[in-house]
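Structure first, commentary second.
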Amino acid sequence: MKSYDVVIAGGGPAGAGAAKALRDSGLTYCVIEKYMYPRKKLCAGGLTNKSIKVLKELDLSIADIRKRAFGEVTFAGKGIEKTVTLNDPLYMVDRTEFDRAMMKQSVADCDLYQGETVTELRKDENILMTDRDGYRFRYLIFADGVNGYSFRLIPDREFGFAVECDSPVTYDRTVVDFAATKDGYGWIFPKEGHTTVGLGGSGKHKDGYVSLLEEFCRKYGIPVERKDIRGYRLPMFSERVYNSDVIDGKIILAGDAGSFVDCITGEGICYALSTGMCAARSIIEAEKNGSKLSDAFFGLTRGTAAVLSRRIKQSKVLYSPLRSYVIKKGLTREDYLVRIRNAFG
Ligand SMILES: Cc1cc2nc3c(=O)[nH]c(=O)nc-3n(C[C@H](O)[C@H](O)[C@H](O)COP(=O)(O)OP(=O)(O)OC[C@H]3O[C@@H](n4cnc5c(N)ncnc54)[C@H](O)[C@@H]3O)c2cc1C
């Protein structure tokens, strides 16, 4: 049995954010990751200025990662197309490469156990079991995503859904198309040497998503093969989950594990990095000042929760029976377009 002050379960952006923030804290900590790096994660790999800000705050660099930067996004819907200049570039990265690089920079000072799956939480004993070993912890950060072990710790969660695949074509513009589905949007996110196309939303109409994605790709002349299309759940932010489930004693759920995803855009990388970082910082604060862990965590994440809560309210308008009207207005009125740009930029 191994023993650490902090055990981080999961090595995506939330795990990397937590590990990096624990560096120099004087606490012992480790990361347990189910797969060996490099490992795949279904994601469009769009890094907004929000993600870039958190990466800077964590002193994590994307300088050595292959990426493309876009200064514009084309928003489309209802027969209208508007290309909008962003305040900051939107970066497109490959998640396989991004996650490996972030973890490499984050675990320089700690143990990383790869290819090891969390299988059991013995909460009363502060022990986390994997398929290989046992870990005694004083604090535990679950950063194991939407389908990880921690999935069972939050009852009755609601999920959005997205389908995605890579096309071998190179594409030179970034597109967000609200007409691609009734309850979300379709996206074209070009990378170096390939293009990620996808479609996601509330999940209410998810059975038709694969056909809709094929139709969407045909519209933009992007070849895709049905067999390459994959689907994945999107754990949309919920105030109920935030207020009652993301922290339990010395256990914190960060990133997708805690449902920190924007319910309009589906953006989750920046919230995973930042809630992982906040989980670590709240542990450091609790240790240093004797403050209650939950007070420290809620204090640090309140701003993020407020942003994500506002999105829930906005989504009620965007995904209401007035959707067509809202999209048309949104794409034709300058002040609305700025709001859409700010949500995606
Ligand atoms: C189709 C799609 C497109 C998206 N596009 C974007 C985008 O363009 N921009 C954006 O910001 N967000 C996007 N998102 C959301 C984003 O991918 C997630 O919010 C983000 O990956 C969450 O990071 P995380 O670290 O919480 O979880 P993950 O990235 O899922 O990482 C969890 C880690 O835990 C590991 N793990 C799981 N179970 C166990 C276990 N039992 N034991 C040990 N380890 C375990 C996994 O292997 C994984 O490495 C997209 C999501 C989808 C589905």
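As an exercise: evaluate Asn147 against (1) of a type in the set (S, T, N, Q); (2) within 11 Å of the ligand (Cβ to nearest atom); (3) crowded, with 18+ Cβ neighbours inside 10 Å and give the number of the one condition it does not meet.
(3)
Would you mention how many residues in segment 167-191 are surrounded by fewer than 22 Cβ atoms within 10 Å (Cβ to Cβ) and of a type outside the set (Val, Ile, Thr)?
11
Just checking, which of Leu300, Leu308 is surrounded by fewer than 24 Cβ atoms within 10 Å (Cβ to Cβ), within 16 Å of the ligand (Cβ to nearest atom) and either in a helix (DSSP H, G or I) or acidic (Asp, Glu) (or both)?
Only one candidate qualifies: Leu308.
Being at pLDDT 95 or above, more than 14 Å from the ligand (Cβ to nearest atom) and touching a helix residue (DSSP H, G or I) at 6+ places or on another chain (Cβ under 9 Å): is that true of Arg173 here?
For Arg173, the condition - at pLDDT 95 or above, more than 14 Å from the ligand (Cβ to nearest atom) and touching a helix residue (DSSP H, G or I) at 6+ places or on another chain (Cβ under 9 Å) - is not met.
Tyr220 versus (1) crowded, with 23+ Cβ neighbours inside 10 Å; (2) more than 11 Å from the ligand (Cβ to nearest atom); (3) not charged (D, E, K, R): which is the lone unmet condition?
So the condition that Tyr220 fails would be (1).
Only residues in segment 29-41 that are in contact (Cβ under 8 Å) with a residue 12 or more places away in the chain count as the first member; pair them with residues that are near the ligand (Cβ under 9 Å from one of its atoms) and among the β-branched types (Val, Ile, Thr), Cβ under 8 angstrom, at least 6 apart or cross-chain, and list the lot.
From residues that are in contact (Cβ under 8 Å) with a residue 12 or more places away in the chain, the pairs are Ile32/Val118; Ile32/Thr130; Lys34/Thr117; Lys34/Val118.
Hey, among Glu120, Glu164, which residue is assigned to a strand (DSSP E or B), crowded, with 22+ Cβ neighbours inside 10 Å and either in contact (Cβ under 8 Å) with a residue 24 or more places away in the chain or not aliphatic (A, V, I, L, M) (or both)?
It is Glu164.
Please work out which one of (1) in contact with a strand residue (DSSP E or B) (Cβ under 8 Å, 6 or more places away or on another chain); (2) assigned to a helix (DSSP H, G or I); (3) over 30 Å from Arg281 (Cα atoms) is the condition Ser150 fails and give its number.
Single failed check for Ser150: (3).
Looking for whichever is farther than 23 Å from Leu42 by Cβ and either among the β-branched types (Val, Ile, Thr) or surrounded by fewer than 20 Cβ atoms within 10 Å (Cβ to Cβ) (or both) here; the options are Val338, Val261, Val241. Which one fits?
Val338
Could you look through segment 95-112, keep only residues that are buried (at least 19 other Cβ atoms within 10 Å of the Cβ) and within 11 Å of the ligand (Cβ to nearest atom), and pick out the one that is nearest to Met129 (Cα to Cα)?
Step by step, filter segment 95-112, then rank; the result is Met103.
Please find, among Val118, Val73, the residue that is of a type in the set (A, V, I, L, M) and under 21 Å from Pro13 (Cβ atoms).
When all the criteria are applied, what remains is Val118.
Could you check segment 1-89 for strands (runs of 3 or more DSSP E) lying wholly inside it with 3 or more residues that are within 13 Å of the ligand (Cβ to nearest atom), at pLDDT 95 or above and of a type in the set (A, V, I, L, M, F, W, C)?
Of the strands (runs of 3 or more DSSP E) lying wholly inside segment 1-89, those with at least 3 residues that are within 13 Å of the ligand (Cβ to nearest atom), at pLDDT 95 or above and of a type in the set (A, V, I, L, M, F, W, C) span 2-9, 29-33.
Which of the residues belonging to segment 259-287 are part of a helix (DSSP H, G or I), among the small types (Gly, Ala, Ser) and within 8 Å of the ligand (Cβ to nearest atom)?
Ala272, Gly276
Can you give me the number of residues within segment 220-240 that are in contact (Cβ under 8 Å) with a residue 12 or more places away in the chain and assigned to a helix (DSSP H, G or I)?
Total meeting the criteria: 3.
Only one of these conditions is not met by Gln105: (1) closer than 15 Å to Ile8 by Cβ; (2) out of contact with any helix residue (DSSP H, G or I) (no Cβ under 8 Å at 6 or more places or on another chain). Which number is it?
Every condition holds for Gln105 apart from (2).
Among what's in segment 123-137 and is crowded, with 16+ Cβ neighbours inside 10 Å and closer than 20 Å to Leu27 by Cβ, pick the residue that is nearest to the ligand (Cβ to nearest atom).
Leu128
Only one of (1) at pLDDT below 95; (2) under 29 Å from Asp5 (Cβ atoms); (3) not charged (D, E, K, R) fails for Ile264. Which number is that?
Among (1) at pLDDT below 95; (2) under 29 Å from Asp5 (Cβ atoms); (3) not charged (D, E, K, R), the lone unmet condition for Ile264 is (2).
Among the residues of segment 223-258, write down those that are at positive phi and away from the ligand (no atom under 12 Å from the Cβ).
Of everything in segment 223-258, just one residue is at positive phi and away from the ligand (no atom under 12 Å from the Cβ), namely Gly249.
The values are calculated or read from the model by the stated rules, or taken from the named source; none is laboratory data. Since the structure is predicted, the reported quantities are computational estimates derived from the model, not experimental observations. Cβ atoms come from the backbone with ideal geometry, glycine included; neighbour counts cover every protein chain shown.
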